[in-house]
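The values are calculated or read from the model by the stated rules, or taken from the named source; none is laboratory data. Note that the coordinates shown come from a computational prediction; the quantities given were computed from them, not determined experimentally. Because the Cβ atoms are built from the backbone with ideal geometry, glycine has one as well, and the counts that use them run over all protein chains shown. For accessibility, only protein heavy atoms count, side chains too; no ligands or nucleic acids. Shrake-Rupley method; radii C 1.70, N 1.55, O 1.52, S 1.80 Å.
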Amino acid sequence: MKKSHPMRRVVLATAATVSGIVLLLSLKPASDPAAASAAGGAAPQQTAAGQESPQGGSASQTGSQSVTGNVAQTQYGPVQVRLTLTGDKITKAEAVQAPKGGTSDQKTALAIPKLNQEAVAAGSADIDAVSGATYTSGGYKQSLQSALDKAKAAGGTSGSSGAAGASSSPQAPAAQARIVTGNVAQTQYGPVQVRLTLTGDKITKAEAVQAPSGGTSTQKTALAIPKLNQEAVAAGSADIDTVSGATYTSGGYKQSLQSALDKAGG
């Protein structure tokens, strides 16, 4: 009994040691895959987040609009202007119709690019006529003005939409510009008619929608009208000077200008 008792202890101790080692070995592999799977699960989530950020940013809309003016009939053919506007600013101007055939092709090729550039630069129909293409220039300006009028009419309420909920938004229409066209004044060389743009009681723009043309009248009109337009805006009334060499045109201009002011209540 004494010999067998110590051996039993040794066997039991050995069995216990072996069991412990086996248990430890079985636990290590189980914990490592778990850690690996946790680390592997985080990587795809980060990748997905990285893919969503570029997709989430949408390109901002420019808010541009395209407006085509009415067709202006000229002695050499129709002229029609199309504008691209961002807000109230002309960002592009182009002629979708212009005189063609014979010498008109050359004049159109020279005049239209200049008129397009001037329209964008001026932001209005108050642009100079291109020398040698007076009729095309006149038709261009008429169609350009009609396009601007259409854009203004279409965008009349867009200006207050951004201020929705603001207490001052109902008052916005009172500050908007208004357009008044004077009566036609008949002169010895042809009719003269003035259109005004007013903000409140102030003239912000003046232009002649009709003026003498043909022969020397065309040259005189090209020289006189821009000066008269500038003086009307500067003076704010019909009390403007006569342009030397264009007395009849100046007189007709002032008559039509005064009638426009009378209509506006000025």
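In a residue-by-residue description of segment 184-204, the property of being without any contact (Cβ under 8 Å) to a residue 24 or more places away in the chain, open to solvent by less than 30 Å² (accessible area, probe 1.4 Å) and in contact with a Lys or Arg (Cβ under 9 Å, 6 or more places away or on another chain) applies to at least one position.
Contact annotation: residue pairs with Cβ atoms under 6 Å, 6 or more positions apart or on different chains, pairing a residue in segment 127-156 that is more than 20 Å from residue 104 (Cα to Cα) and assigned by TED's automatic domain parsing to the domain that holds residue 75 with a partner that is among the charged types (D, E, K, R) and open to solvent by 10 Å² or more (accessible area, probe 1.4 Å), are 127/118. Being under 24 Å from the mean Cα position of the chain (by Cα), under 13 Å from residue 93 (Cβ atoms) and at pLDDT below 90 holds for only one residue in 163, 119, 151, and it is 151.
Filtered by the rule that a residue be among the hydroxyl-bearing types (Ser, Thr, Tyr), out of contact with any strand residue (DSSP E or B) (no Cβ under 7 Å at 6 or more places or on another chain) and outside any helix (DSSP H, G or I), segment 62-106 gives 74, 76. Counting the residues of segment 81-101 that are open to solvent by 30 Å² or more (accessible area, probe 1.4 Å) and either outside the structural domain of residue 138 (by TED's automatic domain parsing) or within 15 Å of residue 151 (Cα to Cα) (or both) gives 8. Applying the criterion of being over 14 Å from residue 190 (Cβ atoms) and in contact with a helix residue (DSSP H, G or I) (Cβ under 9 Å, 6 or more places away or on another chain) to the residues of segment 245-266, the residue that is surrounded by the fewest Cβ atoms within 10 Å (Cβ to Cβ) is 245. Of all residues in segment 102-119, those being surrounded by 17 or more Cβ atoms within 10 Å (Cβ to Cβ) and under 23 Å from residue 204 (Cα atoms) number 4. When you look at residue 230, is it assigned to a helix (DSSP H, G or I), outside the structural domain of residue 76 (by TED's automatic domain parsing) and open to solvent by 80 Å² or more (accessible area, probe 1.4 Å), yes or no? Against the criterion (assigned to a helix (DSSP H, G or I), outside the structural domain of residue 76 (by TED's automatic domain parsing) and open to solvent by 80 Å² or more (accessible area, probe 1.4 Å)), residue 230 qualifies.
Please enumerate the residues belonging to segment 68-88 that are modelled with pLDDT under 90 and charged (D, E, K, R). Correct list: 88 only. Since residue 220 meets every condition but one in (1) buried (at least 21 other Cβ atoms within 10 Å of the Cβ); (2) closer than 29 Å to residue 154 by Cα, which condition does it not meet? Among (1) buried (at least 21 other Cβ atoms within 10 Å of the Cβ); (2) closer than 29 Å to residue 154 by Cα, the lone unmet condition for residue 220 is (2).
Counting residues in segment 207-227 that are among the acidic types (Asp, Glu) and modelled with pLDDT under 90 gives zero. Scan segment 213-232 for residues that are touching a residue at least 40 places away in the same chain (Cβ under 8 Å) and over 14 Å from residue 135 (Cα atoms) and the total you get is 2.
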